[in-house]
């Protein structure tokens, strides 16, 4: 067992409920993130009418063992306990009410935060108290987390043409001012378009005014932004289960409209819930990767699956022509069962282990940013995804993520350390400045687990140090507490994950540097050419539900719709001057009723509707889909780079639409339901009214 240094000092002037169930509330939640080895005051506000007498408590460690006891003082202003804690995570439990509060004893981040470590906060929707909001922002900054993903209710901020409400009902403007004040950047994200823009599913119908709306939003809030993410999970119900061409039209509109507004801040697109080849293929064919600075995705799979998933997205980006485009994971979590203010220890530890190891894996696989999900207390269906308790103090999941951000800040993936123990599922090696660390992962907590490392890899055992006085290396547990390593090189792994310091020369000699992750790391670290200047000419398929049924994989012809399909397209010109272009509709199979070529003039910030008739008799055969591509020639000088459409060379692609065979075909599959999505690959916080039947759940 490690040595715990703990001092408890009574401080007058604060009060707490004694033998009473009314909860204490932390006065400042950021004060529950403390420096190890230094006295720190924990303060609470208490219900009125409580007895002003000392309140006994115990302190429990990460494994839920009682390691100390003490008393908090009670006074008219609240309650205070002063503690000095060794590095690690603790829960302070009141003796009378058994209410618990998490404490993270970890050194504060001293320099600029590593951009990789971020968190999904959604404070706009989940937290309504400004003091609590500010405390969470301060705690994140102290912990080395430099960006927090937010939610914006677009319709609330811009409820009508020419009318703006920057605060809304949840003080959007005030919150973004707090982020700016404390130098924590916002990943801004919004979806569900205002009704006055018209809607195609949930997307705005008027792309010209949608882009203008976001220009105004950017002018107001970009000083608080670190990046702008377009929509949330468009591949499922948040995108109304529409194909990717509808989503990409919006991304292209915002990419054009945001020229000169973002001032170097990344425009992030994708935001997908699943690796759906059909959806992604259509997105690439419509130029999604040409107009964004980073591609984001979500995953709630287990940590060992991360490498394969990142490989799939890298392969898709390679095929799309942008192999080194930065990958962001903007939601990644592991829930516990809803109900209590804080989870049982085993559920909390399981959540902490998976969230943290997925961050380790994402780092090794070259992902540029990782947003743990979700910062505040948040119940959804049968789950709770929160990394903080209902009372606002850290859970084990938060403590473990803070330790990962500290231990791997600025770290570079080197390779894997062969250990030969079947219990070890991963052993990633990282270089952090002049030091090297192995992250050894067994995948499950076991207080008795000890893993022997190869000879010569621990500090003091390498070739250059073998004549020096041996040093006793100390590993760091998932929460940062120190763990002794014995003389034989046996490392305790009680939490399913441990950080082990390595001898640089010994690790270099034994690490396997040619791994699947090493290729992904190199691809993620390679510079990605800047996206081209986006075109202001955007096409959108105006589908007719009488003839086709839109699903995320494409458009299914409806039974009885015949062999001729009306094909209507709306062409938008977001530029300030008219555009004259020649357009042509081509099919991968079937034919277009003449004429397929049109000469078109679109007025500045205007639209034109075009229509063709497609003949699909015999077009499908053994095929499950046919692609319709709208091409334009000559391509304006400002357009994106040329790409193949899948139907032969083309001057440039304005629109690529995937037409599916009838619903009875084998490839068809139903849209993913809300509950199935949550249970299989839970992606959350889609819209505020979706939290519960009674509206959003918020903290007090």
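What follows is calculated from the coordinates using simple rules that are stated; it is not laboratory data. Since the model is a prediction, treat every value here as computed from it, not as a measurement. Here the Cβ positions follow ideal geometry from the backbone for every residue, glycine too, while neighbour counts run over all protein chains shown.
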- Task: Select from the stretch 268-317 the residues that are without any contact (Cβ under 8 Å) to a residue 60 or more places away in the chain, surrounded by fewer than 24 Cβ atoms within 10 Å (Cβ to Cβ) and assigned to a strand (DSSP E or B) and list them in ascending order.
- Result: none
- Any idea how many residues of the stretch 318-339 are surrounded by fewer than 20 Cβ atoms within 10 Å (Cβ to Cβ), out of contact with any strand residue (DSSP E or B) (no Cβ under 6 Å at 6 or more places or on another chain) and in contact (Cβ under 8 Å) with a residue 24 or more places away in the chain? 6
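Residues that are closer than 25 Å to residue 527 by Cα, surrounded by 24 or more Cβ atoms within 10 Å (Cβ to Cβ), in contact with a helix residue (DSSP H, G or I) (Cβ under 7 Å, 6 or more places away or on another chain) and in contact (Cβ under 8 Å) with a residue 60 or more places away in the chain: does the stretch 383-403 have at least one?
Quick first cut of the stretch 383-403, residues closer than 25 Å to residue 527 by Cα only: none.
No: the stretch 383-403 contains no residue that is closer than 25 Å to residue 527 by Cα, surrounded by 24 or more Cβ atoms within 10 Å (Cβ to Cβ), in contact with a helix residue (DSSP H, G or I) (Cβ under 7 Å, 6 or more places away or on another chain) and in contact (Cβ under 8 Å) with a residue 60 or more places away in the chain.
So, residue 533, is that one surrounded by fewer than 23 Cβ atoms within 10 Å (Cβ to Cβ), touching a strand residue (DSSP E or B) at 6+ places or on another chain (Cβ under 6 Å) and in contact (Cβ under 8 Å) with a residue 12 or more places away in the chain or not?
No; evaluated as a whole, the condition is false for this residue.
Just to verify a result, which residue in the stretch 551-572, among those that are without any contact (Cβ under 8 Å) to a residue 60 or more places away in the chain and within 19 Å of residue 250 (Cβ to Cβ), is nearest to the chain's Cα centre (by Cα)? Give the steps one after another, and end with the answer.
Taking the stretch 551-572 and keeping what is without any contact (Cβ under 8 Å) to a residue 60 or more places away in the chain, we get 560-564, 566, 568, 570.
If we keep only those that are within 19 Å of residue 250 (Cβ to Cβ) as well, we get 568, 570.
Details: 568: 36, 570: 33 Å.
Filtering first and then ranking leaves 570.
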